[in-house]
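Any read-out appearing in this document is the output of simple, stated calculations on the displayed coordinates, not a laboratory observation. If you're wondering where the values come from, they're calculated on a predicted model, not measured in any experiment. Using ideal geometry, Cβ is built from the backbone for each residue, glycine included, and neighbour counts are taken over all protein chains shown.
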Amino acid sequence: MTSSELWTRATADRYDAEESEMSSAPVLVPTVAFLAGLAGVGPALEFAIGTGRVGIPLRERGVPVAGIELSEHMAAVLRRKVDEDTLPVAIGDMATTTVPGEFTLVYLVYNTITNLLTQDEQVECFRNAARHLAPGGRFVIELGVPPLRFLPPGQVAVPFDVSEGHLGFDTFDLVEQILVSHHLTRDGDDGRYRRGASRHRYAWPAELDLMARIAGLELERRVADWDGAPFTQDSTKHISVWRKPA
């Protein structure tokens with residue numbers, strides 16, 4: 001059983017509304033363009049496809065897309081948008097679940113590899129990507145850089161959003177490499193806030209490179225965003241591309 005926390009029906013039903021910024025054109029257009037350029041004629045496989053935020057527009061771009069998703073509730077939201085023949089989805093975890101065929105691109109966006117809470121499972125995720133890739137195919141991960149530089153001695157929390165409708169901060173277990181994202185989200189106009197939290201295992205770019213080597217993949221490119229800005233010591237996230245040797 002995967003260590004990933006299972007998304008509930010209530011969470012799945014409100015996911016698109018709460019992540020509307022991530023579905024906006026300034027975010028999705030460069031994301032889809034980057035992935036389509038790597039996929040070529042495809043097909044592509046999205047790990048943790050969720051409600052189809054990226055997979056559906058990539059399919060509309062002309063790239064055949066399949067998905068793997070742990071939460072049946074998230075997949076049900078996707079299914080309201082597109083049928084199984086257009087975008088097939090297998091229910092299961094991204095570390096061990098397999099689907100038929102070979103793919104020119106396997107991708108995992110928006111920090112989702114951190115849903116796997118152990119290093120062993122994250123390694124298996126890389127192995128599963130390699131298992132699905134055709135020779136010469138690429139595995140892409142979008143992942144934030146752990147903001148540990150903001151932690152002075154004795155502090156374990158870093159805020160990441162302080163806005164009118166949402167308060168968010170991460171707390172860190174520096175030994176186990178576990179962060180917990182805490183959310184206070186305003187529901188409606190009555191001033192009430194809904195509290196939620198999710199656990200994640202953060203990993204550094206160099207650690208991911210070693211996982212890729214274990215899986216037989218080679219680092220091809222690392223940039224700071226979907227527009228291809230250079231990755232530097234001040235970058236808050238990275239887009240990493242590993243290639244399966246031909």
Given the options Pro152, Pro57, Pro26, which has the most mean-square fluctuation in a GNM of the chain, springs set between C-alpha atoms less than 10 angstrom apart? Pro152
Over region 175-246, one equal point on each Cα, no solvent: what is log10 I(q)/I(0) by the Debye formula at q = 0.13, 0.16 Å⁻¹? -0.61, -0.77
Suppose each label sits 7 Å from its Cα in the direction of the beta carbon; what would the Thr185-Glu21 distance come out to in nanometres? 1.4
State the extension gain, in nm to one decimal, for the chain segment bounded by Asp120 and Ile178, taking 0.36 nm per residue of separation less the distance between their alpha-carbons. 19.5 nm
Whole angstrom only: what separates the Cα centroid of region 44-86 from the Cα centroid of region 164-205? 26
Within the chain, which is the longest segment containing none of the trypsin sites (Lys or Arg not before Pro) that sit in a DSSP loop and have at most 16 other Cβ atoms within 10 Å? 82-191
Percent of alpha-carbon pairs separated by more than 22 Å within region 94-214: 46
Per DSSP helix of 4 or more residues, -39500 (n - 2.57); summed, then divided by the residues of the chain. What does that give at 222 nm, rounded to the nearest 500? -7500 deg cm²/dmol
Fully extended, how many nm does the chain gain between Tyr193 and Glu218 (0.36 nm per residue separation, minus their Cα-Cα distance)? 4.5 nm
For region 63-107, what log10 I(q)/I(0) values come out of the Debye formula at q = 0.28 1/Å, with one point per alpha carbon and no solvent? -1.17
I'd like the chymotrypsin sites (Phe, Trp or Tyr not before Pro) in region 144-246 restricted to DSSP loop residues with at most 12 other Cβ atoms within 10 Å, sorted by number. none
Rounded, prolate or oblate, given the Cα gyration tensor of region 20-145, with a/c below 1.5 counting as rounded? rounded
